[in-house]
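**Student:** Take a look at this one; I'll ask things after.
The values are calculated or read from the model by the stated rules, or taken from the named source; none is laboratory data. Predicted model only: the values in this text are computed from it and were never measured. So basically every Cβ, Gly included, is an ideal-geometry build from the backbone, and we count neighbours across all protein chains shown.
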Amino acid sequence: MKTHDSVTLIKDKDNNVSAKPFVKWAGGKTQLLLELTSRVPQTFQRYYEPFIGGGALFFSLQPEKALLSDINAELINVYKVVKSNVEKLIASLTQHVYQESYFYNIREADRTTEYTTWDSVQKASRLIYLNKTCFNGLYRVNSKGQFNAPFGDYQNPKICDPENLRACSKILQSATLTSCSYLCIEKHVHKGDFVYFDPPYAPLSTTSNFTNYSKNGFSTENQEILRDLCAKLDKKGVFWMLSNSAAPLILDLYSDYNIEMVEASRTINSKAGKRGKIKEVIVRNYDGLCE
């Protein structure tokens, strides 16, 4: 178990910008922020998040140095556009309309050859629009990597939130963004760095199977490879924290580390009766709350 012996590189909370995730992501951590932030090391060098998703913890911590990555290239493109071209993105988002036939026209765009000619702002605008208007805010793709979540029934979805997008853009200025596997961080991290892992969760039952954030999914073998990466980082002197389901597989894989149970409300299930409080785990290779 690691001790805190590195340099503090989290911004003064009094100077933090108020910001929240600009996309809704399955397994998003907004509701668990208090649980997570209380367990972050008080001091560390650089922040890494290789399954960035909605980025709730990153936007809360606002570290001075960060590397954010995800295997989902479309998602990383959105982050890059928010960072570097937020005004054009806002202008594009204001052009969208909440209407079913329009939604399906936009959704089907990635099935066309024309989509390859779209610029980064157009693609980012499309993803945010679909995320805000599809069923349950669910980002889901088929085996070809094509977005396939259906139209959502909302009263008045907020497709564009200029104030929050500008705040997120400001925070992202100090972050490096890259599209790659979670394994790519190993060559970058050093002793005293902090990594937060929020992978697609291991299913709690044989009928649970939502890992389609990318066309390749996330298998039991991936969970095992991730655990092996965590073991390597532990030996390297890197702080890491991981979120996952309380599945027997996860409890077994991380039995050598600090495992804590927390309750989370999940709404990703298509059946309303199966949504609600479920047990999740927060795993760390260091001890103690770090308030």
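**Student:** All but one of (1) more than 21 Å from the chain's Cα centre (by Cα); (2) closer than 24 Å to VAL17 by Cα hold for ALA109; state the number of the condition that does not hold.
**Tutor:** (2)
**Student:** Within region 143-159, can one find any residue that is free of Cβ contacts under 8 Å to residues at least 24 places away in the same chain, assigned to a helix (DSSP H, G or I) and not assigned by TED's automatic domain parsing to the domain that holds GLY53?
**Tutor:** No, that holds for no residue.
**Student:** Identify, by number, the condition in (1) charged (D, E, K, R); (2) modelled with pLDDT under 95; (3) closer than 28 Å to VAL82 by Cα that LYS271 doesn't meet.
**Tutor:** All conditions are met except number (3).
**Student:** Additional query: Of all residues in region 92-116, how many are surrounded by 14 or more Cβ atoms within 10 Å (Cβ to Cβ) and part of a helix (DSSP H, G or I)?
**Tutor:** 9
**Student:** Let me ask something additional. Among the residues of region 21-62, write down those that are outside any loop (DSSP other than H, G, I, E, B), out of contact with any Lys or Arg (no Cβ under 7 Å at 6 or more places or on another chain) and closer than 14 Å to TYR79 by Cβ.
**Tutor:** Matches in region 21-62: GLU49, PHE58.
**Student:** Moving on to the next point. Is it the case that LEU177 is modelled with pLDDT of 95 or more, surrounded by 15 or more Cβ atoms within 10 Å (Cβ to Cβ) and not in a helix (DSSP H, G or I)?
**Tutor:** Yes, satisfied.
**Student:** Please enumerate the residues belonging to region 11-42 that are acidic (Asp, Glu) and either surrounded by 14 or more Cβ atoms within 10 Å (Cβ to Cβ) or modelled with pLDDT of 95 or more (or both).
**Tutor:** The answer is GLU35, and nothing else.
**Student:** Could I ask something else about it? Being loosely packed, with under 14 Cβ neighbours inside 10 Å and at pLDDT 95 or above is the requirement here; does GLU221 meet it?
**Tutor:** Considered against the rule, which asks whether it is loosely packed, with under 14 Cβ neighbours inside 10 Å and at pLDDT 95 or above, GLU221 comes out as yes.
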